[in-house]
Each structure stands twice: as structure tokens, then as C-alpha cells.
Amino acid sequence: LKVSVDLDLCQGHAVCVRVAPLVFDLDEETGQSVVRIAEPASADLADQAELAAEGCPEQAIVVE
Amino acid sequence: VTDERPTCTFDHTSAEFAHDPWSTYARLRCECPVAWTESHEGFWVLSRYDDVYEVARDDETFSSDREVVIPPTCVGKLVPLNSDPPALQIYRRIMMPFFSLQYVKGTLAPRIADLVDVHLDRILASERFDLVRDFALPIPAMTTHELLGLPLDEWEASVRPVEAISTSHAGSPERAEALELVTGLRARLAEEAERRRREPRDDLLTHLTRARFEDRQLRSDEIVDMATLVVFGGMDTTTAAVSNALLYLHRDLEARSRLIAEPELLENAIEELLRYEPPVQGFARTVTRDCVVGGRAIPAGETIFMLWGSANRDESVFPDPDAVILDRFPNRHMAFGVGAHRCIGANIARAEIRIMLGEVLRRLPHYRILENEMEARSTAAISFGKLRLPAVQRARTAA
């Protein structure tokens, strides 16, 4: 599983930070999402990352 | 693609609309999702989620350079609400340090919590109170003053012009008076910004006086346009959101009990309440080139109105859209807009709403609103919320 954020799309809604606080963080300067764990190993974190992708209002999160 | 102009009667400034926009939205989405109205010199109305999403995401075709409120308020330029890319992103980047999640969590939230405490202490000491005038109105206004670095006890001077604009109709004597108040607000912000140049402090106004737009300093007029936006964006909107949520939880006691029992639901519930009744029902864009939206040809120069409030009730995106489902997820609502113009104050608004609602549910769990005394707005053209919510601490029991 590989998690990434399309920064052309991310507008800093912070849904991902709420749903998957260990996987995502917000960049203080840009307000955009930053991936902290690009390849979550545990099933828990992977589920959270998928949820974050599903909930992203800009559909900016790619989980592949 | 069709050149047809399906005409509907749509006037979002009317009292009927302010009372119930939802039935109009449902009819538009079903019968005429891209509709033309002759109201206010004519504009297109978008009611479906996908069409609103597409327009909000395309700032090249759909400009914010002219006013985004219909009919125009004439309050002057608000930056970056009325900025197009690339200036939009430059302004946002300048502002971001005072709107980031970190700043809100670390600096603003504790101050918001103090304000909420003080106001609830006062409310708990009185038999009757007004959940808007004594709570939902002062706290966002004072928080905005805190952010800008304006004296907290002068919040009413800032909220007055904002409320006067949003409750008045374009062209009315009340609007003319409101515009004079806005002129006064802008003058005061200009004066304060000048003072910050001489005596810098740790606040947003000082930050703006030092900020650079590429290789130059921000001009004074830009600083005032930005500070005015912060005042307009930070006060009426959050007040409306909290008033809507408190009224909803007054009527739906089951939802209230559940939130009291499961406070961890609050964050999702707030998103859901924002979806259900967003404080800003819609914003406009100006079409910069001939384009097609939802299968209709729209010529350059015309105005499009994006209904966030209707997109939020679109049945093709939100199952059971007219129900409040506290743990709804995903919830890609557009209460803060979407795309590059998305509300820059969303982190602040969320913190305010979370602390305000959370503390009301904790300290004032049995509040009852006196519905026959509440005062609604006569227009939802700018914000959708209540003006007065007289309330008591608990339902009166028979003596």
C-alpha cells in the first residue's frame, strides 16, 4: 500500500488528519496535507488511510 | 450541449427562501439543475453537487474578481475572496501562519476556551439568556479580534457593520447605513495597521504589515482588504453555524442525548450539521470564456451562482440527504466551499464550533430555546442563521 497526496488538489480541509492522524499531518506554512507514513504496514493504519482517501473533499489522496 | 435558457423563478434574497431554501433546492436539482433566473439582473443557478464542484474547481473559467455575493454588497474588495490565481495563492500563503491547524490548536483554541467559559458562566448565572446575542455572536467576534490583534472589548464595533450588511437588502436605506459602518470599519483597520507598523505586536495585522507579495511589501489597501475579509468571514458565519446547530439540537433531543453520551461523535456531528445547514448558502462566479456546465452553453460575461446549500443535500452524493446522521462518513460537504477559494478560516471555525457546542452540551445540557421568541433572518442572501435564540436553562416544570 502506498499513500500520496496530490498537492495541486489538496486545499487543507484536514479531514485526513482527523481520520488518520498518524498517516497525515498538515504543513504549517501551506496548510496542505503531508504524508507521514507513505507505506503504512499495519492493517489499522492502512484502513485509516483508505478512509481518509474516501473522505477527502478534494479527492486529493491516492492510495494504491 | 444546448443553448436553451431554462428559466426558473429563483430569488435567494426573499423571506420565503430564508425560511425554507431546501424545497426550492430539491425542485431545482430535479427539474432544472442548471437554471437561469431573471432576478437581480439575471444569473445562472447551479444546484447539483457535481456542477457546483466543477465550477468551484475551475478558477480560470470562473472568476472571483467581481463580487461573489448576489446582488453585490458594495463593501469593497475583500482579499483573497475576490482574488483570482495566481494572486489568490500568494495572499493565502501570506495569511496561512495565522490560520493553520497548528496555530489554531496551539494559540487560538485555549483563548476560545476561556471566552466560552466566561460567557457560559454568565449564562448559567441568569434565568433567561439569548444563545445568539450572549454566546454565538460575541465569541467568534472576540476570537476574530484576538486573531487580528484588536481590543477584545471593541468587538461590537466590528460585528455591527457585518450584521448590518448581512441583514439588509441591497438598495435599502438600511443597506446604505450599513455601508457607512463598513467605511468606518475599514478606516479603523487602516489606522490599526499603521499603528502596528510603528509598534509591532504578535498578531495578524502586524504580520500583514511585514508580509511580502513576491518582491514587494503589501500595500496598505491590500492589508485593509485582507483584514476586512477576516472580519466579514470570521463573525457572522460562525455565529450562524452555531445558532443553526443549537436550534437543531434543541429540536432533536435524541441527537442531543447521543452527543452528550458520546462526545467523541462531536467532530463528525459538526461536519454533518454544517452540511445540513451551511451558514453560507452560495457564492457567485463570473464566466470568463464561453463554456458548458451541466450540458448547457454559458456565454462569457454571465454570472453563475453555486449553491453550496443545495449541493450539500444532493441525493446522488449524500444518502438520505435531508436527515442529520451524526456519524455520517464520508461527508464531502461544501459548507466551507471547495477548491482554491475554500474558506481559509475553516480551522478556526471548526475549533470555535467544537468548543462552543461541546461546552454547551457539558455545562448547559438541558437548554431550551423559546421558539416563539426566536428571531430569524429575513434574508439568507449572505448568511443563513438565527439572529436571536432566547433560551432558558431547562424546561420549566409545573409548580
Quick one: how many residues across the range B:89-109 are under 20 Å from the mean Cα position of the chain (by Cα) and either within 11 Å of B:ILE344 (Cα to Cα) or within 8 Å of another protein chain (Cβ to nearest Cβ) (or both)? 8
Could you run through the range B:27-59 and say how many residues are touching a Pro at 6+ places or on another chain (Cβ under 9 Å), surrounded by fewer than 20 Cβ atoms within 10 Å (Cβ to Cβ) and within 27 Å of B:LYS386 (Cβ to Cβ)? 2
Filter the range B:296-323 down to residues that are of a type in the set (Asp, Glu) and surrounded by 13 or more Cβ atoms within 10 Å (Cβ to Cβ), then give me how many there are. 3
Please give the number of the condition B:ARG289 fails out of (1) of a type in the set (D, E, K, R); (2) modelled with pLDDT of 95 or more; (3) crowded, with 21+ Cβ neighbours inside 10 Å. (3)
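Each row is one residue, and each column tells you yes or no for (1) among the hydroxyl-bearing types (Ser, Thr, Tyr); (2) more than 24 Å from the chain's Cα centre (by Cα); (3) closer than 19 Å to B:ILE382 by Cβ.
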| site | (1), (2), (3) |
| --- | --- |
| B:ARG197 | no, yes, no |
| B:THR209 | yes, yes, no |
| B:GLN217 | no, yes, no |
| B:ASP221 | no, no, no |
| B:THR238 | yes, no, yes |
| B:VAL242 | no, no, yes |
If you scan the range A:1-42, which residues turn out to be small (Gly, Ala, Ser) and assigned to a loop (DSSP other than H, G, I, E, B)? A:GLY12, A:ALA14, A:ALA20, A:GLY31, A:ALA38, A:ALA41, A:SER42
Elements of type helices (runs of 4 or more DSSP H) contained in the range B:93-202, each with 1 or more residues being in contact with a Gly (Cβ under 9 Å, 6 or more places away or on another chain), over 30 Å from A:ASP27 (Cβ atoms) and of a type in the set (A, V, I, L, M): B:155-167, B:173-198
Could we say that B:VAL162 is closer than 30 Å to B:LYS105 by Cβ and in contact (Cβ under 8 Å) with a residue 40 or more places away in the chain here? yes
Which count do you get for residues in the range A:30-49 that are within 11 Å of chain B (Cβ to nearest Cβ) and of a type outside the set (S, T, N, Q)? 1
Restricting to helices (runs of 4 or more DSSP H) lying wholly in the range B:221-339: which have 1 or more residues that are touching a residue at least 24 places away in the same chain (Cβ under 8 Å) and farther than 26 Å from B:GLU375 by Cα? B:253-261, B:266-276, B:308-311
Can you find a residue in the range B:341-354 that is farther than 25 Å from B:PHE99 by Cα, more than 14 Å from chain A (Cβ to nearest Cβ) and either aliphatic (A, V, I, L, M) or surrounded by 22 or more Cβ atoms within 10 Å (Cβ to Cβ) (or both)? no
Is there a residue being assigned to a loop (DSSP other than H, G, I, E, B), hydroxyl-bearing (Ser, Thr, Tyr), surrounded by 17 or more Cβ atoms within 10 Å (Cβ to Cβ) and touching a Leu at 6+ places or on another chain (Cβ under 9 Å) anywhere in the range B:373-386? no
Among (1) over 19 Å from B:PRO279 (Cβ atoms); (2) without any contact (Cβ under 8 Å) to a residue 40 or more places away in the chain, there is one condition B:PRO33 misses while meeting the rest; what is its number? (2)
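The values are calculated or read from the model by the stated rules, or taken from the named source; none is laboratory data. Keep in mind the model is a prediction, meaning the values are calculated, not measured. In this analysis, Cβ positions are derived from the backbone assuming ideal geometry, glycine residues included, and neighbour counts consider all displayed protein chains.
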